[in-house]
Each structure stands twice: as C-alpha cells, then as structure tokens.
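> Here's a structure for you.
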Amino acid sequence: MSDSLNASEAPQPATTPAQPGTGEEGVCHVPGVSVRHTRAKGEPRFPDGPKADPAGSHFERRIRSFQPRRSRVTAGQADALQRLWPKWGLDIDGQRVVDLAELFGNDNPVVLEIGFGMGEATAQMAAGDPGTDILAVDVHTPGQGNLLNLADHHGLGNIRVGNGDAIILLREMLEPDALDGLRVYFPDPWPKKRHHKRRLIQPEFLSLAATRLRPGALLHCATDWEPYAEQMLEVLTAHPDFENTAPDGGFAPRPQFRPLTRFEGQGLDKGHVVNDLLFRRVQR
C-alpha cells in the first residue's frame, strides 16, 4: 500500500478573483493554509458542498453520540468540497430513501463506516478492496474534504461521503438489509460516567443497525479505550441479532484489512491497548 494515501494532495495555488462589489483583491490560496473568507450573513460556507445541518429540525431532539468539531479547512479541502461534493457527497437530511446502487453506480456490496476522522484509513481500505463500496459518514468538515481529496487523487470511485447523523441515515434513509458491513473505528469514548449514555454502541443502536445489515454482515468495532471496549463486548454479546466471530468469545486480532492509523499509532506509543470486536449479523 502506498504511503501517499496517508497525506492529502492539495491542488496547486490558485488566485481567487476579486468579488464584484466587495472591494476585495484576489487572494492566493496556498495548499495546506486555512481558507478565510468573509461571508455575508446567511451565506453557506460551501455553496456547492455539504450543508451545515442537513436534517435541520425535522427530527426529534435526542442525546447525540457525537459532537461537531469546528476546525479550519485548508484550501485543498475546500476545493475538494466545492468540486466533488455534488458528485460523491450525500447530505443526511432524512427526507428520502437512498438507492445505494444508484449512489455508487453499481451493485457491489456496501459497507457503512461511521466516523472516519481525516479519512486516511478509509482511503486505504477502499484502495485495497475496490469491489466493495464504502459509505463513510462524519460531521467533521475538514475530514470530509480530505477524504474527497484522497478519493479523487487516487481514483477511488468506491467511496461516498455522508454528512450528518448516522442514526438518521440508518433509520430514515436506508432500506432493510441494505448493508453488507458496518465499521465503527475509535468512536468517542465519552469517558466520564455521566456521559456514558452518549456512547454509540448501545442496545438501541445495535437493534437499529441489525435491521439494515444483511444476515452474515460483519459489524467491526475498534477502540483504544479499554473500559469502552469491555462495554462494547458486553453489549454485543448480549444482543440476540449478533454473534461473536472470535472462537473464545472475546476480542479479535486486528484484521489485515483495517489499516494501522496515525491516531492508533499515537495511542500505541502511549501504551494504549487497542481492541477489535468482530460480530456477525445472525440469520433471522
């Protein structure tokens, strides 16, 4: 696997022409440098890119397992969002059922990945298994731009990037048995006890996911937070729709198809223990 997948490729510097009526001169966009643009009130951040809140107020308020992170977007990421979102992006608005064959343009098996960070591991997995489509969902705008950039640079046509709440995607926008796999790598562990209710891997989530996974589909979780790993193992083992693929009923070795990410490497350097859980959707 090429190491070039571990770094985004930003486009060459380009000068943005002055906007009529703004008095602003052209600005040279340098790769790797954050984009700063003064927007009028109500102007979208990326007019042709992901929406800030695609589902809006259409659905009930509930405890979220994620917290949107605001960080700067580089010129390369911004370019990818503007240029590629209409082609490879999906706003999770909950207003329609997605035809995955139409979304990807083929009938290949589809794996849903919830939370992909900056997308390096997703890109590597897509490159290593071009016959499997990956619908990667996150709310982190720089990461969305980075993954789109990686997919474009490496010709990875089997990636689509979802923007928004994965729960709404599963519940409102996917058909039953639509997915051939589900990946949840290094979700927020919400370490404080009062925040444990925010953890994604809960019985209710598993029941919902089970309705969208085909029998035999693999649910793959990984975390470097040992208390969360223990909870995941307990909750998954107790759920009637899933069975552990590990012969001893415990954690599984890291499969070769899951790359060792930069984040994971940093955790290992600090002495963290990474646990993988591989459970299969049982036949109804």
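> Need the failing condition index for D93 against (1) within 24 Å of I201 (Cβ to Cβ); (2) at pLDDT below 95, just the number.
(1)
> Does R199 count as within 20 Å of the chain's Cα centre (by Cα) and open to solvent by 40 Å² or more (accessible area, probe 1.4 Å)?
No.
> Within the range 224-260, track down each residue that is more than 26 Å from T132 (Cα to Cα) and among the β-branched types (V, I, T).
Answer for the range 224-260, where residues must be more than 26 Å from T132 (Cα to Cα) and among the β-branched types (V, I, T): V235, T237.
> Also, quick follow-up: Answer yes or no as to whether R194 is within 16 Å of the chain's Cα centre (by Cα), within 25 Å of N275 (Cβ to Cβ), basic (K, R) and not in a loop (DSSP other than H, G, I, E, B).
So R194 fails the test.
> Just to be sure I understand, how many residues within the range 255-284 are over 20 Å from E230 (Cβ atoms) and not charged (D, E, K, R)?
Count: 11.
> Continuing with this model, one more query. Residues in the range 240-263 that are surrounded by fewer than 17 Cβ atoms within 10 Å (Cβ to Cβ) and of a type outside the set (D, E, K, R): how many?
12
> Moving on. Any chance you could count how many residues in the range 228-247 are part of a strand (DSSP E or B) and not polar (S, T, N, Q)?
2
> Wholly within the range 70-177, which helices (runs of 4 or more DSSP H) include no fewer than the required count, namely at least 3 residues that are in contact (Cβ under 8 Å) with a residue 12 or more places away in the chain, buried (at least 18 other Cβ atoms within 10 Å of the Cβ) and touching a strand residue (DSSP E or B) at 6+ places or on another chain (Cβ under 7 Å)?
Fully inside the range 70-177 and qualifying: 120-128, 141-153.
> Is it the case that the range 214-233 has a residue that's under 20 Å from R171 (Cβ atoms), open to solvent by less than 60 Å² (accessible area, probe 1.4 Å) and touching a Ser or Thr at 6+ places or on another chain (Cβ under 8 Å)?
Taking every residue of the range 214-233 in turn, none turns out to be under 20 Å from R171 (Cβ atoms), open to solvent by less than 60 Å² (accessible area, probe 1.4 Å) and touching a Ser or Thr at 6+ places or on another chain (Cβ under 8 Å).
The values are calculated or read from the model by the stated rules, or taken from the named source; none is laboratory data. All of these numbers come straight from a predicted model, not from anything done at the bench. Ideal geometry is used to build each Cβ from the backbone, glycine not excepted, and the neighbour counts take in all protein chains shown. Ligands, DNA and RNA are excluded from the accessible area calculation, which covers all protein heavy atoms including side chains. Shrake-Rupley method; radii C 1.70, N 1.55, O 1.52, S 1.80 Å.
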